[in-house]
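S.K.: One structure follows; several queries about it will come next.
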Amino acid sequence: MTDQHLVILVEEDSDKLIEIALENSGAIFFVLKLKYMINKIVSKSQKETEKIAKEFLEKILGSKVSKSACVVGLSGDLGTGKTTFTQAISKILKIKRKVNSPTFVIMKRYSLKHKIFKNMFHLDAYRLKNAQELLNLGWKEIISNPEHLVFIEWPENVKKAMPKKHHKISIKHTKEGHRSFKIKHI
């Protein structure tokens, strides 16, 4: 047997593309390309944030085939727009109640009249000291139900309780005073 090469590549724009090829005597035996969807988007207004939320929701609704809840972790400093993003989602889902930050109550549940999701949960783990405090709120039951759509702010505070497969949205302030969204779909 002659030289074998394993090629792993790469990053293209804001999407990560991994290419694996096994080469033997110049002939490629197989090529496997895996694409991890990572979108980077800048919002200059609340309207643009609503558009980002709409596109995100369409994407997760189009890929919803799971035996558990759809969990979305929202990370970012105070005031970056985690709750604003969740409010935009709730508007699209026609939630009538006012959706505001659950910082002091930790968790809020909203009933939905949706073909896939029956409840939307909005949690804020900012004040939680550890994952156990989240588990004490019935977290395992919440995330095991496929009819639940769950948004959790500050997931890094309870990372041990977060499901391995969950959508991740990181929001940051830009120098221009806008919001930068980095969205990783599972």
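The values are calculated or read from the model by the stated rules, or taken from the named source; none is laboratory data. What you see is a predicted model; the values in this text were computed from it and never measured. Heads up, the Cβs are rebuilt from the backbone with ideal geometry, glycines too, and the neighbour counts pull from every protein chain shown.
S.K.: Those residues that are within 11 Å of residue 119 (Cβ to Cβ) and of a type in the set (A, V, I, L, M), I need them from region 134-154; list them, please.
M.R.: Passing the criteria: 142, 149, 150.
S.K.: Which condition number in (1) at pLDDT below 95; (2) surrounded by 12 or more Cβ atoms within 10 Å (Cβ to Cβ); (3) part of a helix (DSSP H, G or I) is the one that residue 58 fails?
M.R.: Every condition holds for residue 58 apart from (2).
S.K.: Shifting gears a bit: Tally time: how many residues in region 134-164 are on the phi < 0 side of the Ramachandran plot and either in contact with a Phe, Trp or Tyr (Cβ under 9 Å, 6 or more places away or on another chain) or in contact (Cβ under 8 Å) with a residue 40 or more places away in the chain (or both)? Even if it seems obvious, please write down each step before you answer.
M.R.: Pass one, region 134-164, residues on the phi < 0 side of the Ramachandran plot: 134-137, 139-153, 155-164.
Narrowing further to those that are either in contact with a Phe, Trp or Tyr (Cβ under 9 Å, 6 or more places away or on another chain) or in contact (Cβ under 8 Å) with a residue 40 or more places away in the chain (or both): 142-153, 155-158, 161-163.
Qualifying residue count, region 134-164: 19.
S.K.: Here's another thing I want to ask about it. Would you please name the residue that is modelled with the lowest pLDDT, looking only at residues in region 92-142 that are of a type in the set (Phe, Trp, Tyr) and more than 15 Å from residue 72 (Cα to Cα)?
M.R.: Per the stated criteria, the residue is 104.
S.K.: Here is a further query. Just one of 143, 171, 89 is closer than 28 Å to residue 41 by Cβ and in a strand (DSSP E or B); which is it?
M.R.: Being closer than 28 Å to residue 41 by Cβ and in a strand (DSSP E or B) holds for just one of 143, 171, 89, which is 171.
S.K.: On to the next question. Considering only region 142-164, I want to know if a residue exists there that is over 19 Å from residue 52 (Cβ atoms), surrounded by fewer than 18 Cβ atoms within 10 Å (Cβ to Cβ) and either among the small types (Gly, Ala, Ser) or not assigned by TED's automatic domain parsing to the domain that holds residue 66 (or both).
M.R.: Taking every residue of region 142-164 in turn, at least one turns out to be over 19 Å from residue 52 (Cβ atoms), surrounded by fewer than 18 Cβ atoms within 10 Å (Cβ to Cβ) and either among the small types (Gly, Ala, Ser) or not assigned by TED's automatic domain parsing to the domain that holds residue 66 (or both).
S.K.: Here is a follow-up. Being among the aliphatic types (A, V, I, L, M) and touching a Lys or Arg at 6+ places or on another chain (Cβ under 8 Å): is that true of residue 88 here?
M.R.: yes
S.K.: Moving to a separate point now. Please indicate, with yes or no, whether at least one residue in region 99-109 is under 20 Å from residue 52 (Cβ atoms) and surrounded by fewer than 20 Cβ atoms within 10 Å (Cβ to Cβ).
M.R.: Keep residues of region 99-109 that are under 20 Å from residue 52 (Cβ atoms), which gives 99-101.
So of that shortlist, the ones also surrounded by fewer than 20 Cβ atoms within 10 Å (Cβ to Cβ) come out as 100-101.
Checking region 99-109: at least one residue is under 20 Å from residue 52 (Cβ atoms) and surrounded by fewer than 20 Cβ atoms within 10 Å (Cβ to Cβ).
S.K.: List pairs: first residue in region 115-132 and over 22 Å from residue 147 (Cβ atoms), second residue basic (Lys, Arg) anywhere in the structure, Cβ distance under 7 angstrom, at least six positions apart or on different chains.
M.R.: Filtered contacts from region 115-132: 131/160.
S.K.: Taking the conditions exactly as written (loosely packed, with under 11 Cβ neighbours inside 10 Å and at pLDDT 50 or above), does residue 27 satisfy them or not?
M.R.: yes
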